[in-house]
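These notes are about the structure you will find just below.
Read-outs: derived from the displayed coordinates by stated rules, not from any lab. Quantities reported herein were computed from a predicted structural model and do not represent experimental measurements. Here the Cβ is made from the backbone with ideal geometry for all residues, glycine too, and neighbour counts use every protein chain on show.
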Amino acid sequence: MTKSANSLMSTYARKPVTFVKGEGVWLYSNKNEKYMDALSGIAVCGLGHAHPKISQAIADQAATLTHTSNIYHIELQEKLGNKLCQLSGMDAAFFGNSGAEANEAAIKLARVYGHHKGINEPTIIVMENSFHGRTMATLTATGNRKAQAGFEPLVPGFIRAPYNDAQAVKKILKNHTNISAILVEPIQGEGGINIPASSYLTELKTLCEQHEILLMLDEVQTGNGRTGEWFYFQHDSIQPDVLITAKGLGNGLPIGACLAKKYVADLFVPGSHGSTFGGNPLACRAALETINVIEKENLIDNAHSIGTYIVDALKNKLSTNSHVKEVRGKGLMIGIEMNTPCVELVDHCLDKKLLINVTAERVIRLLPPLIFNKNNANDMIETLVNCIEAFTDNLK
Ligand SMILES: *Cc1c(COP(=O)(O)O)cnc(C)c1O
């Protein structure tokens with residue numbers, strides 16, 4: 001690998017392409033080549049790129065007021081908090097600037113809740129294969145040894161269970177009296193689009209009620225319409241105690257939210273937690289407009305129907321390919337699990353001007369924007385299936 005010719009830390013093995021413009025599902029490179037974006041900046045730009053309503057709202061807000069400080073009341077932040085609570089059934093919001101920051105707020109809530117219950121060293125149950133962010137606490141919560149290696153000592157106060165195994169969680173709760181919360185992704189995104197049994201979240205919810213601990217759902221990736229509901233837990237008709245979201249919330253402006261039920265949220269008092277930038281007028285305006293467009297354009301229904309269409313078509317077209325283990329998805333969060341490592345497919349698709357991702361080494365991850373239409377879907381499917389067939393033909 002050649003050393004990069006710029007002054008950035010090499011935290012990413014970047015693809016050899018630079019995008020300078022976007023429009024809807026399309027991105028344009030500095031060579032003026034057009035790419036289809038089936039990744040949405042990793043589940044961020046749900047409304048596609050440069051959505052006119054979002055661009056207008058941001059421009060208007062930038063010309064009005066971008067930042068004051070959480071020392072003062074922020075009208076747009078209150079409005080966004082109310083809207084998110086209304087959409088999710090939660091009672092109060094804290095705003096940060098990323099998924100990791102929103103998870104940090106949740107982790108602090110779990111600890112303060114534990115102490116409030118008289119637990120000395122409150123501990124959070126987290127899952128194998130999970131992803132919660134790159135700060136020290138969220139990295140510790142993350143179930144990926146590779147991501148943690150070299151950054152020890154990790155943060156105490158976490159215990160790990162296998163994913164999609166409520167019995168294992170039950171056993172931990174039986175053997176440990178210091179648990180204050182469970183932190184879990186409703187679908188594991190980075191971990192490989194792992195969709196648990198339909199009873200899983202409900203079983204965890206029951207355990208949380210029995211043991212009076214918090215169910216904290218990390219919906220950073222699954223939230224904001226991605227899976228065909230505003231939040232994934234709404235498929236299961238349960239209510240978490242703490243809900244974390246970010247990625248798609250601001251359609252590209254950095255914003256994350258930690259939402260909580262009143263009995264949890266009330267444990268924070270002035271001085272407990274904070275953020276300089278979190279919930280500033282610019283980010284909140286973008287998020288409010290994002291929610292507005294999702295509602296007006298019925299994009300959650302679209303995510304559901306186009307997602308179902310894509311999964312069915314991929315299942316059909318790949319059914320005879322012995323290297324394809326499973327096609328699975330919920331809404332527009334879609335994975336194709338191969339029985340062989342397949343990271344090269346990202347480059348092969350890039351050559352064909354299609355942006356996808358491979359996670360957990362052998363799971364092709366598709367996160368198209370919520371505005372994807374049937375033509376877009378058919379184009380994506382054709383290119384992708386051709387690339388997969390060419391790739392697996394070469395394996396024989
Ligand atoms: C991306 C992601 C995060 C981290 O979000 P950042 O904005 O990168 O800090 C946390 N949890 C889940 C489930 C994610 O997908």
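Some observations on this one:
- Residues that are in a helix (DSSP H, G or I) and touching a Ser or Thr at 6+ places or on another chain (Cβ under 9 Å) do occur in segment 285-297, at least one of them.
- Residues located in segment 353-366, provided they are among the charged types (D, E, K, R) and closer than 18 Å to residue 18 by Cβ: 353
- Number of positions in segment 167-185 that are within 22 Å of residue 113 (Cα to Cα) and either assigned to a loop (DSSP other than H, G, I, E, B) or small (Gly, Ala, Ser) (or both): 6
- Wholly enclosed helices (runs of 4 or more DSSP H) of segment 27-103 bearing at least 3 residues in contact (Cβ under 8 Å) with a residue 12 or more places away in the chain and over 20 Å from the mean Cα position of the chain (by Cα): 52-62, 75-88
- Scan of segment 242-273 for residues that are more than 22 Å from the chain's Cα centre (by Cα), over 27 Å from residue 125 (Cβ atoms) and either touching a residue at least 60 places away in the same chain (Cβ under 8 Å) or crowded, with 21+ Cβ neighbours inside 10 Å (or both), ordered by number: none
- Enumeration of residues in segment 128-146 that are among the aliphatic types (A, V, I, L, M) and either more than 22 Å from the chain's Cα centre (by Cα) or buried (at least 17 other Cβ atoms within 10 Å of the Cβ) (or both): 137, 139, 141
- Restricting segment 228-251 to residues that are within 12 Å of the ligand (Cβ to nearest atom) and not in a strand (DSSP E or B), the residue that is nearest to residue 204 (Cα to Cα): 232
- Pairing each residue of segment 117-133 that is farther than 19 Å from residue 258 by Cα and in contact (Cβ under 8 Å) with a residue 24 or more places away in the chain with any residue that is within 14 Å of the ligand (Cβ to nearest atom) and of a type in the set (A, V, I, L, M, F, W, C), provided the two are 6+ apart or on different chains, yields C-beta distances under 6 Å for 127/184.
- The residue list 217, 204 contains one member that is within 10 Å of the ligand (Cβ to nearest atom) and not in a loop (DSSP other than H, G, I, E, B), which is 217.
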